Structure formats: C-alpha cells, structure tokens
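The block underneath contains the structure these notes are about, expressed in structure tokens.
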C-alpha cells in the first residue's frame, strides 16, 4: 500500500468513527487559528503532559471542539485553563474532583487526561480504582474526603443540602466551594460535548469505561 493510499484509508476510518474531524491549522479561519494557538501555545500545550494535537497538527478531544465556534470556544478554553491551573484548590483536590466527573460521565478522554495528573499529585492507585468504580475513596485527609463527597453529590443531585453546604463552607471555604461547582460544571460540559461530537482522541483515550 502506498503512503497516499494508507493516508486515505486512515482518513476514511476517522470519518466513520469520529463525528467531528478537526481541520489542520492551515485550513482554519483566522478566528479558529487564534483559538488553536491559544490552546497549543497556552498552559496546556506548554505543560506537554497530554497530546493536544495529533501527528498532523489537528486538535484532539475537547480542544478540537473549541475551534468550531471560535468566539464561544475561546471563552471555554480560557475558562478551562483558569480552572485547571489557577485558584485556591490544591492540585490533588482539583484532580480528585475532575476524575469524579470523568467517572460519573464515563468520559474516557477526561480519565485519560487527568489520571496521570492525579497520580503525580499524590493519588494512590487504590483511590483511583475507587473513583473509577464510583466508590468513595478512603482518604485520610478530611478536606480531601469532603472534596470527593461534595463533587459526587453535586453530580448526583445538582445541588447541596443545608448540612453538606455548611460542611463545605466551614471546611473548604466559599472560594474553594464555588471553584468546585464551576469545575464540576465545566468538565460535565466537556464530557457532554465529547460524547456527542466524538472528536478524534489518542488511542489510549478510548475504551477506558467499556464494560468488561
């Protein structure tokens, strides 16, 4: 098989398995290219821990979807960068909450992207397994237990009861609680977009939540 035929076959396979095939940067509109550059050259791209583009330079996963409608997509990607890299939540707290969202929505890409980050931040393998299975991890740190339980409750009920709200504000503070609410909403939004639009993702970001 020639290189051209192999490339064509790959493209045809993408079109049958992906609902959205991202354009390359050189075929984007100027507005789309601006979003592209903000992602590739922003904190996500500079971190270099997960691929944001494929070998052809196409944006992957939720990043590909942000370029479809550039004005909204740029606001989305900026919000995501703020949630992920700034704020009062610790890295471990942020990753525990994000993985709780990924498990709730069974979002392969979000789990793929954030489980290594959680491990680097100090999450144990047993805790990862519990979160993935929808169980409450047995954290020794009461603050981390609360982050986990509040995230699960928000995802299940869409709100907190009075007792949970008081516990969250007393232990975490209002700033951390509102960040947690924004985080759960943001990654839930990405999970919905990913499951609906089915953009291209790395091979390792597929089939993570397939039933055995």
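The values are calculated or read from the model by the stated rules, or taken from the named source; none is laboratory data. Keep in mind that what you see is a predicted model, and the values were worked out from it rather than measured. In this analysis, Cβ positions are derived from the backbone assuming ideal geometry, glycine residues included, and neighbour counts consider all displayed protein chains.
Would you mind finding the one in 77, 138 that is modelled with pLDDT under 95 and closer than 30 Å to residue 26 by Cα? Residue meeting the stated conditions: 77.
Candidates in region 157-179 are the residues that are assigned to a helix (DSSP H, G or I) and in contact (Cβ under 8 Å) with a residue 24 or more places away in the chain; of these, the one that is surrounded by the fewest Cβ atoms within 10 Å (Cβ to Cβ) is 175.
Is there a residue being over 19 Å from the mean Cα position of the chain (by Cα) and closer than 30 Å to residue 54 by Cβ anywhere in region 124-143?
First, pick out the residues of region 124-143 that are over 19 Å from the mean Cα position of the chain (by Cα): 124-126, 135-143.
From the residues that got through so far, the ones that are closer than 30 Å to residue 54 by Cβ too are 125.
Yes, the conditions are met somewhere in region 124-143.
Answer with yes or no whether residue 107 is at pLDDT 95 or above, farther than 18 Å from residue 189 by Cβ and within 14 Å of the chain's Cα centre (by Cα). Steps first, please.
Values: at pLDDT 95 or above: yes; farther than 18 Å from residue 189 by Cβ: no; within 14 Å of the chain's Cα centre (by Cα): yes.
So residue 107 fails the test.
Taking residue 136, is it within 25 Å of residue 210 (Cα to Cα) and either in the same structural domain as residue 74 (by TED's automatic domain parsing) or out of contact with any helix residue (DSSP H, G or I) (no Cβ under 9 Å at 6 or more places or on another chain) (or both)?
Values: within 25 Å of residue 210 (Cα to Cα): yes; either in the same structural domain as residue 74 (by TED's automatic domain parsing) or out of contact with any helix residue (DSSP H, G or I) (no Cβ under 9 Å at 6 or more places or on another chain) (or both): no.
Criteria not met by residue 136.
Considering the conditions (1) surrounded by fewer than 17 Cβ atoms within 10 Å (Cβ to Cβ); (2) under 13 Å from residue 110 (Cβ atoms), residue 191 is excluded by exactly one of them, (1). The test for being touching a residue at least 60 places away in the same chain (Cβ under 8 Å) and either crowded, with 20+ Cβ neighbours inside 10 Å or farther than 20 Å from residue 192 by Cβ (or both) holds for residue 110.
Conditions (1) assigned by TED's automatic domain parsing to the domain that holds residue 183; (2) under 15 Å from the mean Cα position of the chain (by Cα), marked per residue:
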| position | (1), (2) |
| --- | --- |
| 34 | no, no |
| 43 | no, yes |
| 78 | no, yes |
| 121 | yes, no |
